[in-house]
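The values are calculated or read from the model by the stated rules, or taken from the named source; none is laboratory data. The model shown is predicted, which means the values in this text are computed figures rather than measured ones. A quick note on method: Cβ atoms are made from the backbone with ideal geometry, for glycine too, and the neighbour counts reach across all protein chains shown.
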Amino acid sequence: ERPALSETVEADVAIVGGGFTGVCSALSLAERGHSVVLLEANRIGWGASGRNGGQVLGGWSGESELAKQAGPKAEEFLWKTRYLGNEIVEARIQKYDIKCDYVHGAATVAFNAKQMKGLEEEYADSVEHGFGDYMELVDGPQLRRHAATDAYIGGLIDRRGAHCHPLNLLLGEAVAAEKNGVRIYEGTPVTKIDHGPSPAVHTENGRVNAKQVILAGNAYHTLEKKTLHGLMLPAKTYVIATAPLGDELADELLPDNLAICDSNWVLDYFRLTGDKRLLFGGRCTYSNRDIDDIEGELAPRMRRIFPQLENTKVDFAWGGVIGIPLNRVPLIGKASENVFYAQGYAGHGVNCGHIVGEMFADAIRGKESGVDLFDKVSHFRIPAADTIGGPMLALGMTWYRMRDALGV
Ligand SMILES: Cc1cc2nc3c(=O)[nH]c(=O)nc-3n(C[C@H](O)[C@H](O)[C@H](O)COP(=O)(O)OP(=O)(O)OC[C@H]3O[C@@H](n4cnc5c(N)ncnc54)[C@H](O)[C@@H]3O)c2cc1C
């Protein structure tokens, strides 16, 4: 536990939010010699970063839309950063000796011919851009050697993708940031940001005077409404973890310990944890409604994939809020000259949070960073998002779920 802020302090950079975006930005900046204060409303990792499924996948969400709007420079950026998040994570695990059960190997799997065609195209694209050596396209029987299920007709294995215990990764990075001089305050919600040449962030009992501010509150904040309101609607999504399976059953289900996600719009994903539980995530609600019985919703889905788990107990169930911009392109940019923001990675936050930390550290030092590419993208803003936004998104997602069910 860390203290709350109860005074006025000075820093080069004030950061709002202690998830991957905030902590990675803090660490990247501190490694370059900047003084940083990070303010977290709850505890480090309390938001999506401490609750997520731990899949560390390559790429961004909304790639085709970003490329469409920002052109060839964006495409080049997307390929250049494809595995940058994984590389940063791997370097930090080494450098700071972070114990987070990091394992290489992930696969995206297909339920139907249309999804398989999408994976074939992704494979061809990866080969064209020099990533073919890490990828393997497999049909149903071949896939069965990696995941003991008949649910899929094939998949794309990506040996540079990975999975880990995300909260332990983040906590390790927070400690590394502190060792590099970052001051972290918990239980300290930011109530207001002052813009201008010397911006400041205000809390109930304190204030940080800074040269730059990074807003990293993701789906959990209501700051900067003029710039950010109605661009992203929070979706709730859920995870269960079984009792430890033991080596034999764990090796039978996932012999080479891949993290797997399916190709549906509203997708399910799973992996083994360090202590050999099956962690299974999926199911979203878009109406701000919580699921009452998470296990009741998710366990049958898990057992449809792995009937072998019919009698395996579920030990843990939880949910979190994920930020989904309507065109799926993450919201990364500037609210004013010295106030940056990043949010809405739509399920790619472990890798993208790490990349964004480096991007901000470069942008703040006046270097080319990629922030401007995202800042240029026009986003659809839902009018009166508080009242009609939830139902609209719910309607949209019902449509996508219907498409998943029909395989179109
Ligand atoms: C259940 C679930 C499963 C997921 N699975 C995966 C996965 O397998 N792989 C993947 O890559 N991504 C996954 N994601 C998405 C990923 O977790 C997020 O994209 C990522 O963690 C976002 O990081 P962040 O730092 O931007 O936001 P968050 O981790 O949400 O952190 C924001 C923080 O800001 C704080 N905050 C908010 N307002 C204020 C304020 N006013 N003052 C101070 N602090 C404030 C909050 O308390 C919170 O701790 C998943 C998300 C969920 C919810």
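General observations
- Identification of strands (runs of 3 or more DSSP E) wholly contained in segment 1-77 with 1 or more residues that are at pLDDT 95 or above and either of a type in the set (G, A, S) or within 11 Å of the ligand (Cβ to nearest atom) (or both) yields 13-16, 36-39.
- Residue in segment 249-261 that is in contact with a strand residue (DSSP E or B) (Cβ under 7 Å, 6 or more places away or on another chain), buried (at least 18 other Cβ atoms within 10 Å of the Cβ) and under 27 Å from A70 (Cβ atoms) present: yes
- Of the residues screened, T108 is one that is of a type in the set (S, T, Y), within 24 Å of F280 (Cβ to Cβ) and out of contact with any Phe, Trp or Tyr (no Cβ under 8 Å at 6 or more places or on another chain).
- Flag if A235 is in a helix (DSSP H, G or I), within 13 Å of the ligand (Cβ to nearest atom) and either touching a residue at least 40 places away in the same chain (Cβ under 8 Å) or of a type in the set (V, I, T) (or both): no
- Within this structure, A177 passes the test of being assigned to a helix (DSSP H, G or I) and under 25 Å from the mean Cα position of the chain (by Cα).
- Among the conditions (1) free of Cβ contacts under 8 Å to residues at least 12 places away in the same chain; (2) away from the ligand (no atom under 14 Å from the Cβ); (3) not polar (S, T, N, Q), the only one that K225 does not satisfy is (2).
- Matching residues in segment 155-187 - criterion: being more than 10 Å from the ligand (Cβ to nearest atom), in contact with a Lys or Arg (Cβ under 7 Å, 6 or more places away or on another chain) and farther than 16 Å from K95 by Cβ: I184
- For T149: the one exception among (1) outside any helix (DSSP H, G or I); (2) under 26 Å from the mean Cα position of the chain (by Cα): (2)
- Answer from M302, M397, M359, M402 - the residue that is of a type outside the set (K, R), surrounded by 15 or more Cβ atoms within 10 Å (Cβ to Cβ) and modelled with pLDDT under 95: M397
- Taking segment 188-202 as the range and being within 14 Å of the ligand (Cβ to nearest atom), touching a Ser or Thr at 6+ places or on another chain (Cβ under 6 Å) and assigned to a loop (DSSP other than H, G, I, E, B) as the test, only T188 passes.
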